[in-house]
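Beneath this line is the structure, given in structure tokens, with notes to follow.
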Amino acid sequence: MTAPETPTDWRAAAAAVELPTQAFVDGRYRASRHGATFNAENPATGQVLTPVDEWTAADVDDAVDIAAARFEAGVWADRDPAERKAVMLRFAEGIRANAERLALLETLETGKPISQTQAVDVPACAGTIQWYGECLDKLYDEMAPGGNDAVIAIRREPVGTVAAIVPWNYPLIIASWKIGPALAAGNSVILKPAEESTLASLLLGEIAAEAGIPAGVFQVLPGRGHVTGDALAGHNQVQAIAFTGSTEIGKRLLVRSGESNMKKVGLECGGKSAQIVTRECEQLDAAAEAIAWSIWYNQGETCHAGSRLIVDRRVADALLERVEALMGQFEPGDPLDDATVMGAMISTDHLHRVQGYLDAVRRGGGRVIGGEVIERIEGGAFMRPAILRDIDRTGQAAREEIFGPVLAVMECDGLDEAVRIANDSEYGLAAAVWTDRLSDAHRAARRLQAGTVWVNCYDMASVATPFGGYKQSGIGRDRSLHAFDKYTELKTTWVAV
Ligand code: NAD
């Protein structure tokens, strides 16, 4: 499939694209036992794309048995690291070779603009698989100091079968954050995509098999959370869950681990990330630009979106004037149009949930700027970006994760108050501080309770940096070498000499 060049071509490609509908199990697409299905839908039109097989508890047992048997047989973990590296690099190349179809499937299901799935999501997914592939033959084990009487080796060993349960907002990127290190560590991996974003993930299974990942070592099981996800979470032969999604479901997985085999649980959950703008920030234009992109990119459906703006009241109006001036750049449009920057929300249900926060702010006497629901395409879930001002700091819009294009503004006096407000949250995924005073930047960075703190920038990211949250934003880290902690056990071997 060659890259379509005009918006019309993307629509034609969408009409012709082949949609995978079955699980990818044991090296091939396979029907579920009982014929249960759920619908893959296009949120830009409200239309059903295709029914997809749902992998129920008995089907999950089959897939886990296969994964466990392949792990026991050592078909992947026991192979030479350089060979496994070569397979992972081919997997990354296969993702690049299928970029257009992957981007199209992801856009059709999630409403994300095609320009972004093609230029950002697919390349980032391939890049992460490549990065972990390249790590694979450079990971050394450790020796502990044992004096002259002992040789003490500390080795990392794969845990066995890993279930990756991921959300719909960045389906390919987040899947790669789990699949990359879990496969590189030698595990069997089962990916359970969100029911809203299944199709591109199914294709990943096929691409991995073509690259040489042995049958049963990487499988993709479609299904709803409380069916397929729950069966994996409670399974006694799954040794680790790698989850990204809501804090509510993250907590549920901890319970399911305790009820079953005490599997490892890595959690990347919700956020309400704060951006502090101090009165010593001279670069208000740059701050405004970063703030706008941080909250309105991906329709605001980003876990680390900069959803709380905590701004010193002496610069508040000057900054907000600039942010408001940028709202027009995020006019929602057809996700299949190359020029679209903001696409459709994931569903009309979610759109109404987000609108509920705006209504509550209006009722409470706050100001809502923008946020109108618009019908770009009949049946689609589109809304304009919104800014909330004069809101109650203890209210829901100020404290809860809205997961939409909604910036909640709070004014403060000085850096100390700003940090206090920022930390007064059950979440701790990310934060930013904008200041020209170096000492204030360092002071704030140390005191902010968040897994990532950006200074005079936002959303700078690399696969080489750990990503995850403090408090109820999660447990453990994705990306970087630290991600291996979730997918390996440390074994000490003490040899008396
Ligand atoms: P969700 O928690 O509803 O679903 C996430 C995944 O869990 C899906 O695959 C779903 O099918 C599955 N699931 C749902 N119920 C389950 C159950 N009972 N047992 C097992 N699995 C179950 O989240 P969502 O609506 O898909 O995604 C939005 C959420 O994800 C937001 O809260 C967002 O902040 C969070 N998120 C976090 C990060 C991060 O890195 N911290 C990144 C992206 C999204």
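Quick notes
- Under the combined filter of DSSP loop state and at most 11 neighbouring Cβ atoms within 10 Å, the stretch 4-112 retains these GluC sites (Glu not before Pro): E5, E18.
- Nearest-ten-degree value, helix 284-296 long axis tilted from longest Cα axis of the chain: 50 degrees
- Available extension along the chain between A57 and L481 is 149.3 nm, counting 0.36 nm per residue and deducting the alpha carbon span.
- On Cα atoms only, tilt of 313-325 relative to the major axis of the chain in degrees: 70 degrees
- With both labels modelled 7 Å from their Cα along Cα-to-Cβ, the R420 to N39 distance reads 5.1 nm.
- Extended-chain gain in nm, criterion 0.36 nm per residue less alpha-carbon gap, Q47 and Q237: 64.6 nm
- In loop segments of the stretch 213-309 as defined by DSSP, the GluC sites (Glu not before Pro) with at most 16 further C-beta atoms inside 10 Å of their C-beta are E280, E282.
- Between 0 and 90 degrees, the angle of helix 122-135 with respect to the longest Cα principal axis of the chain falls at about 50 degrees.
- Taking a ≥ b ≥ c as the square roots of the eigenvalues of the alpha carbon gyration tensor, the stretch 50-157 is oblate, as a/c is not under 1.5 and a/b does not beat b/c.
- A286-V495 FRET efficiency (beta carbon distance; Förster radius 45 Å; 0.05 resolution): 0.20
- Taking the protein heavy atoms of the chain in the context of the full set of protein chains, the accessible area attributed to carbon and sulfur is 50 percent at 1.4 Å.
- Computed about its Cα centre, the charge dipole of the stretch 274-461 is approximately 620 debye, with only Lys, Arg, Asp and Glu carrying charge at their Cβ.
- For the stretch 266-374, the Cβ-based charge dipole about the Cα centre amounts to some 680 debye (Lys, Arg positive; Asp, Glu negative; other atoms uncharged).
- Relative to one another, the C-alpha centroids of the stretch 175-237 and the stretch 33-73 are positioned 10 Å apart.
- The stretch 264-419 shape via C-alpha gyration tensor axes, a/c threshold 1.5: prolate
- Using θ = phi - 60° and Karplus 6.51 cos²θ - 1.76 cosθ + 1.60, couplings along the stretch 453-460 (whole Hz; Gly, Pro as x): 10, 9, 10, 6, 6, 8, 6, 6
- Inter-label distance, E157 to M143: 2.1 nm, where each label sits 7 Å from its Cα along the C-beta direction.
- Å² per residue, accessible surface of the chain at 1.4 Å: 39 Å²
- Here the stretch 326-346 and the stretch 390-463 have alpha carbon centers that stand 26 Å from each other.
- Charge dipole (Cα centre; +1 on Lys/Arg Cβ, -1 on Asp/Glu Cβ; no other charges) of the chain amounts to roughly 1100 debye.
- Sorting the segments 314-327, 341-354 by their mean number of nearby beta carbons within 10 angstrom, highest to lowest, gives 341-354, 314-327.
- Applying a threshold of 24 Å to the alpha-carbon distances of K178/K251; K138/K251; K138/K263; K138/K178; K471/K491; K178/K491 flags K138/K251; K138/K263; K471/K491 as lying beyond it.
- For the stretch 350-359, backbone phi angles converted through the Karplus equation (6.51, -1.76, 1.60; θ = phi - 60°) give residue-by-residue couplings of 5, 4, 5, 4, 5, 4, x, 5, 5, 4 Hz, Gly and Pro being listed as x.
- Gain in span if fully extended, T394 to R79, counting 0.36 nm per residue against the direct Cα distance: 107.9 nm
- The amide H of W454, built 1.01 Å from its N in the peptide plane, has A431, A432, V433 as neighbours under 5 Å, considering only residues 5 or more places off or on other chains.
- Take every DSSP beta bridge whose two residues both sit in the chain; close to 45 percent of them are antiparallel.
- Summed side-chain charge close to T247 - residues other than T247 whose Cβ falls under 12 Å, Lys, Arg +1, Asp, Glu -1: -1
- Dividing the radius of gyration of the alpha carbons in the chain by their Kirkwood radius gives 0.99 for Rg/Rh.
- Shape box of the stretch 167-225 [Cα atoms, principal axes, largest first, Å]: 28, 18, 17
- Here the Karplus curve 6.51 cos²θ - 1.76 cosθ + 1.60, taken at θ = phi - 60°, turns the phi angles of the stretch 73-88 into couplings of 6, x, 5, 10, 4, 8, 6, 4, x, 5, 5, 5, 4, 4, 5, 4 Hz, with x standing for Gly and Pro.
- Residues whose amide H falls under 5 Å from that of M342, counting only those 5 or more places apart or on a different chain, are G333, with hydrogens built in the peptide plane.
The values are calculated or read from the model by the stated rules, or taken from the named source; none is laboratory data. Since the structure is predicted, the reported quantities are computational estimates derived from the model, not experimental observations. Note that we place each Cβ from the backbone using ideal geometry, even for glycine, and neighbour counts take in every protein chain shown. Just so you know, the surface numbers come from the protein's heavy atoms only, side chains and all, with ligands and any DNA or RNA stripped out. Shrake-Rupley method; radii C 1.70, N 1.55, O 1.52, S 1.80 Å.
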